[in-house]
Amino acid sequence: LRYLTSGESHGQSLITIIEGIPSNLNIDIDNINGELCRRQQGYGRGDRMKIEKDKVNILSGMRGSTTIGSPIAIEIKNKDYENWKEYMNPVEEIDKESKCVSKVRPGHADMVGSLKYDFKDVRNVLERASARETAARVAVGGVCKEFLSKFDIDFTSHVIQIGNHKLNKSFEFDYIKKESEISQVRCVDKEYENLFIDEIKKAKEEGDSLGGIFEVRIKNVVPGLGSYVHYDKKLDSELSAHIMSIQAIKGVEFGLGFEMASLKGSDIHDEIYYSKERGIYKNTNRLGGIEGGMSTGEEIVIRGVMKPIPTLYKPLNSIDINTLENYKASIERSDNCALPAACVVAENVCAFVIAKFFIEKFGQDNMKDIIKTYQNYLERLSDR
Ligand code: EPS
């Protein structure tokens, strides 16, 4: 299973091609559009989200809502292109001056991107480096979620830290799933929801931005996805890589994560039991559902840390990349906190990875064969 995305933030469309989705999978487009809509939500987002109403246009790889095993091409139109076509048209004469950017933003791809690709106009970098691209990745995740739902694999996510406020309580999957969707900041605790909103409001007033931590939970993943035999077969390494690839993400942890550094082995490792009624079981899940690079069958618990977005309305010191004179960094329209959106993006990049490993284990041609192999595997596990 693989995909590529294409598209600039203010270009005509975002495009993606996914290859490796099995045939005869029924896909409900409303569910994919639902994922796109979830990504657009959240207190702290900028004005762009008032312009867009992201929807997929499936161009190929399906007939009558069913996959046919060929590559699936998806387009998401940028409504804002209407306001940008005289600067962004890919083939016609454009106005190269009015939207030219040269005062690079510290912490953004702006400076190194311009040096590396030899640009005088930093817009050539920021258009593609923008987190707008995550809409295409959510569409891919939406397709993967449709596939995984046939095996009851489900995802949820919530924000556990914004700025200095950290929510240190644990919650059940179903509670998170319900409460996160009705919170403006995907926070499942009312007190912290208000603290998060106040913190974002304050940062906005000060022309600043805020980061935080989100948590993704994945349930009903069968034991044995991924493998210990090689670095590139480990489920956790691939999940981390995909989360790290989301714009502004700076770290990933599983289960107790970085807290493990100060704990003893006996405090961390999940003890194993057996009973006739329950089979093999554990009473804890401190490792976050992955051992030896393989899913254990317990909930997968992943957290990611997002840095504050580098566009500041109270800009930092920087330079003009062309004249090398000192200036304040340029201001582009931006979000001042995008943690709720990052949650949804993270769920969806994880859906791609889980689908990829699932297909590697159970086959990829058509749904009937995959379901059969999957059931055989479950039977073998339960025969023990
Ligand atoms: C985004 C679209 C962008 C930004 C944001 C994410 O739209 P615009 O640049 O037109 O405001 O709001 O991107 C960034 C924070 C960034 O640094 O590029 C989106 O669709 O998520």
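The values are calculated or read from the model by the stated rules, or taken from the named source; none is laboratory data. Computed from a predicted structure; not experimentally measured. All Cβ positions, even for glycine, are placed from backbone atoms using ideal geometry, and neighbour counts span all protein chains on display.
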Condition check: surrounded by 18 or more Cβ atoms within 10 Å (Cβ to Cβ) and basic (Lys, Arg). Does residue 303 satisfy that?
yes
Residue 305 - would you say it is away from the ligand (no atom under 16 Å from the Cβ) and within 21 Å of residue 130 (Cβ to Cβ)?
yes
Within the range 267-300, considering residues that are part of a loop (DSSP other than H, G, I, E, B) and on the phi > 0 side of the Ramachandran plot, the one surrounded by the fewest Cβ atoms within 10 Å (Cβ to Cβ)
292
Given 54, 47, which one is within 16 Å of the ligand (Cβ to nearest atom) and modelled with pLDDT under 95?
47
Output the number of residues of the range 320-362 satisfying the condition of being within 16 Å of the ligand (Cβ to nearest atom), acidic (Asp, Glu) and not in a helix (DSSP H, G or I).
2
Every residue from the range 57-81 that is among the charged types (D, E, K, R), more than 13 Å from the ligand (Cβ to nearest atom) and in contact with a strand residue (DSSP E or B) (Cβ under 7 Å, 6 or more places away or on another chain):
75
Answer yes if at least one residue in the range 98-118 is of a type in the set (Lys, Arg), assigned to a helix (DSSP H, G or I) and within 16 Å of the ligand (Cβ to nearest atom), and no otherwise.
no
So residue 381 fits all but one of (1) of a type in the set (A, V, I, L, M, F, W, C); (2) more than 30 Å from residue 278 (Cβ to Cβ); (3) surrounded by fewer than 15 Cβ atoms within 10 Å (Cβ to Cβ); what number is the exception?
(2)
Which numbered condition trips up residue 311, out of (1) within 24 Å of residue 174 (Cβ to Cβ); (2) in contact (Cβ under 8 Å) with a residue 24 or more places away in the chain; (3) of a type in the set (Ser, Thr, Tyr)?
(1)
What pairs come out if I take residues in the range 22-43 that are farther than 30 Å from residue 197 by Cα and pair them with residues that are within 16 Å of the ligand (Cβ to nearest atom) and not in a helix (DSSP H, G or I) whose C-beta lies under 8 Å away, six or more apart or interchain?
29/56
Check whether at least one residue in the range 153-167 is over 19 Å from the mean Cα position of the chain (by Cα), at negative phi and among the aromatic types (Phe, Trp, Tyr), and report yes or no.
no
Among the residues of the range 140-153, is there at least one that is touching a helix residue (DSSP H, G or I) at 6+ places or on another chain (Cβ under 7 Å), within 21 Å of residue 48 (Cα to Cα) and crowded, with 18+ Cβ neighbours inside 10 Å?
no
Answer yes if at least one residue in the range 14-37 is within 16 Å of the ligand (Cβ to nearest atom), of a type in the set (Asp, Glu), more than 19 Å from the chain's Cα centre (by Cα) and surrounded by fewer than 19 Cβ atoms within 10 Å (Cβ to Cβ), and no otherwise.
no
Go through the residues of the range 224-240 one by one and say whether even a single one is assigned to a strand (DSSP E or B), touching a Lys or Arg at 6+ places or on another chain (Cβ under 9 Å), away from the ligand (no atom under 16 Å from the Cβ) and more than 30 Å from residue 128 (Cβ to Cβ).
no
Among the residues of the range 119-128, what is the count of those that are touching a residue at least 60 places away in the same chain (Cβ under 8 Å), among the β-branched types (Val, Ile, Thr) and either in contact with a Pro (Cβ under 6 Å, 6 or more places away or on another chain) or outside any loop (DSSP other than H, G, I, E, B) (or both)?
0
Qualifying position, being in contact with a helix residue (DSSP H, G or I) (Cβ under 8 Å, 6 or more places away or on another chain) and touching a residue at least 12 places away in the same chain (Cβ under 8 Å), among 305, 222
222
